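Contents: one structure, followed by commentary.
The values are calculated or read from the model by the stated rules, or taken from the named source; none is laboratory data. Everything numeric in this text was worked out from a predicted model, so none of it was measured. All Cβ positions, glycine included, derive from the backbone under ideal geometry; neighbour counts span all protein chains shown. With ligands, DNA and RNA removed, areas are computed over all heavy atoms of the protein, side chains included. Shrake-Rupley method; radii C 1.70, N 1.55, O 1.52, S 1.80 Å.
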Amino acid sequence: MVRGGPKLEHNRRQELGQSFQDGGEHYQQVRPGYPAAAADWLVPAPAGEVLDVGAGTGKFTALLLAKGLAVTAVDPSADMLEQLAEHYPRATAVLGTAEATGLPAAAFDVVTVAQAWHWCDAAAASTELARVLRPGGTLGLVWNQLDTSVPWVHRLSRIMHAGDVYKPGHRPAVGPEFQGLEGYVTRWQDPVTTTGLMELTKTRSYYLRASEPTRAKVLANLDWYLHEHLGHRDGEIIDLPYLTLAWRATAA
């Protein structure tokens, strides 16, 4: 039995996930990438074929390609994949989901899921991803989170409704098809302007699903916090602290 999965009710999770179907160009411009250390830890040294599921615009795909790997990128959004194909033409872009990739069995050495596992049905996705992995293959799960151990970032996350709260004891849910789940944390900083932070907020699921009055309130609160309370100049570059949480497990 899969335990500790997403807290969202299934239909609500799907509804929120749909908010990312469009806006690929904006997402590509303002969302952070990932530290290379996360990809180095997740992907064993000789790994031939890699499947990046929920690849979006290719933020994690880029690191896999930089390692010289052959990458197939799957995402349910044609808009996101259009951006991925434009920026990373060496990857093979395929419409699909973690629960139904439409790809051949035992075709990949590694499957990665970056910033997307919480939108998946963990049980169904585990079954499907184990199917496309070769025996002994690796499943890698990755999340960027704001480093809310830093007080000003904790308040920022609350204003953004980011929901990024690091829980050291948390383990993502994976099915019985996988064993030996282990985690790795990378701390890093992303240089971003105050304007960029405002735009980043607009890519969050809470903002995307909110009413116009709620959106205006969120942006007004963020503008006050950055420019009045913290005293940053408009457009000033801020080093935004992040944690990248990586998990890997082996196909049983």
Margin query: For a distance above 23 Å, tell me the whole-number percent of Cα pairs in region 94-178 that qualify.
Written below: 35 percent
Checklist line | Fluctuation leader among 68, 136, 54 - the chain, Gaussian network, Cα springs under 10 angstrom | finding: 68
Margin query: Given bins 10 angstrom wide, list per bin the percent of all Cα-Cα distances in the chain, short to long.
Written below: 7, 31, 37, 20, 5, 0
Checklist line | Residue-normalised accessible area of the chain, given per residue in Å² at a 1.4 Å probe | finding: 46 Å²
Checklist line | Phi-based couplings in Hz for region 202-209 (Karplus 6.51, -1.76, 1.60; Gly and Pro marked x) | finding: 6, 9, 7, 4, 4, 5, 4, 9
Margin query: At 1.4 Å probe size, with the rest of the protein present, what percent of the exposed accessible area of region 73-216 is carbon and sulfur atoms?
Written below: 53 percent
Note to self: To check my understanding: the extent here is largest minus smallest coordinate of the Cα atoms along each principal axis. What are those three numbers for region 130-181, in Å, largest first?
What the structure shows: 45, 20, 14
Margin query: What whole-number volume per residue, in cubic angstrom, does the convex hull of the C-alpha atoms of region 132-252 give?
Written below: 125 Å³
Notebook entry, point to check: What is the gain in length, in nm to one decimal, between residue 170 and residue 202 on full extension, counting 0.36 nm per residue of separation less the C-alpha to C-alpha distance?
Noted result: 8.8 nm
Next item on the list: Using the Cα centre as the reference, give the magnitude of the dipole from point charges on the C-beta atoms of the chain (Lys, Arg: +1; Asp, Glu: -1; all else neutral), rounded to the nearest 20 debye.
Entry: 660 debye
Margin query: Let's test the formula: R0 of 35 Å, r as the Cβ-Cβ distance of residue 212 and residue 40. What FRET efficiency results, to the nearest 0.05?
Written below: 0.25
Next item on the list: For region 48-198, list log₁₀ I(q)/I(0) at each q in 0.08, 0.15, 0.16, 0.21 Å⁻¹, using the Debye formula over Cα point scatterers of equal strength and ignoring solvent, two decimals each.
Entry: -0.25, -0.85, -0.96, -1.36
Checklist line | Shape of region 55-113, Cα gyration tensor, a/c cut at 1.5 | finding: oblate
Margin query: Taking amide H atoms as placed 1.01 Å from N in the peptide plane, list the residues 5 or more away in sequence, or in a different chain, whose amide H sits under 5 Å from that of residue 174.
Written below: 3
Next item on the list: Just flag the chymotrypsin sites (Phe, Trp or Tyr not before Pro) in region 136-233 sitting in loop per DSSP whose Cβ has no more than 16 other Cβ atoms within 10 Å.
Entry: 166
Note to self: Among 211, 77, 126, which one shows the highest mean-square fluctuation when the chain is modelled as a Gaussian network with alpha-carbon springs under 10 Å?
What the structure shows: 211
Note to self: Assuming a strict under-28 Å limit between Cα atoms, what lysine pair count do you get for the chain once near-sequence pairs (fewer than 8 apart, same chain) are dropped?
What the structure shows: 9
